[in-house]
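Following: one structure in structure tokens, then a few remarks.
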Amino acid sequence: MTNKTDSAQYLRDLARLRRVRDRIDREYAQPLDVESLARGVHMSAGHLSRQFRLAYGESPYSYLMTRRIERAMALLRRGDLSVTEVCFEVGCASLGTFTTRFTELVGMSPGTYRRQESQAALGIPSCMAKQVTRPVRNREAPPTEPEID
């Protein structure tokens with residue numbers, strides 16, 4: 001009987017995690033935090049973070065930032081908005097945090113990306129450009145090691 005109960009609870013938790021992920025996908029530009037996401041599915045913030053990481057391989061905050069950076073990449077490729085405008089358009093409140101996270105995921109600063117990609121993406125359908133340039137965790141820029149003399 002315990003296995004049946006555990007299995008049912010697991011499926012309910014997965015459904016709640018999908019609702020959280022879907023909410024992040026829909027409302028990425030809104031102010032979202034783990035506490036409000038957890039309240040929306042009647043979980044504690046710690047439990048949500050642990051379960052989300054187990055299910056999707058990253059924390060809810062990392063998933064949110066990946067969605068924001070993904071959208072920022074599309075806006076920067078268009079080339080008609082400044083980096084600061086893109087930062088606020090995708091829901092980031094701090095230009096510094098946005099720039100740092102963008103650089104970690106993409107491997108270059110938003111300004112450099114904007115200059116390079118606005119010209120490179122000309123003539124490529126946006127659906128293809130999005131697929132090719134999507135930030136993927138295993139392509140994160142490698143951390144720089146301090147040099148020891």
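The values are calculated or read from the model by the stated rules, or taken from the named source; none is laboratory data. Remember, it's a predicted structure, so these values are computed and weren't measured experimentally. Note: ideal-geometry Cβ built from the backbone for every residue, glycine included; neighbour counts use all protein chains shown.
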Test set (1) of a type in the set (A, V, I, L, M); (2) free of Cβ contacts under 8 Å to residues at least 24 places away in the same chain; (3) under 16 Å from Tyr63 (Cα atoms) - Ala8 fails condition number
(3)
Give just the number: which of (1) in contact with a Gly (Cβ under 7 Å, 6 or more places away or on another chain); (2) assigned to a loop (DSSP other than H, G, I, E, B); (3) assigned by TED's automatic domain parsing to the domain that holds Met128 does Gln30 not satisfy?
(3)
Tell me which residues, restricted to segment 76-121, are aliphatic (A, V, I, L, M) and under 15 Å from the mean Cα position of the chain (by Cα).
Val86, Val90, Ala93, Leu105, Val106
Among the residues of segment 84-93, are any in a loop (DSSP other than H, G, I, E, B), on the phi > 0 side of the Ramachandran plot and in contact with a Pro (Cβ under 9 Å, 6 or more places away or on another chain)?
yes
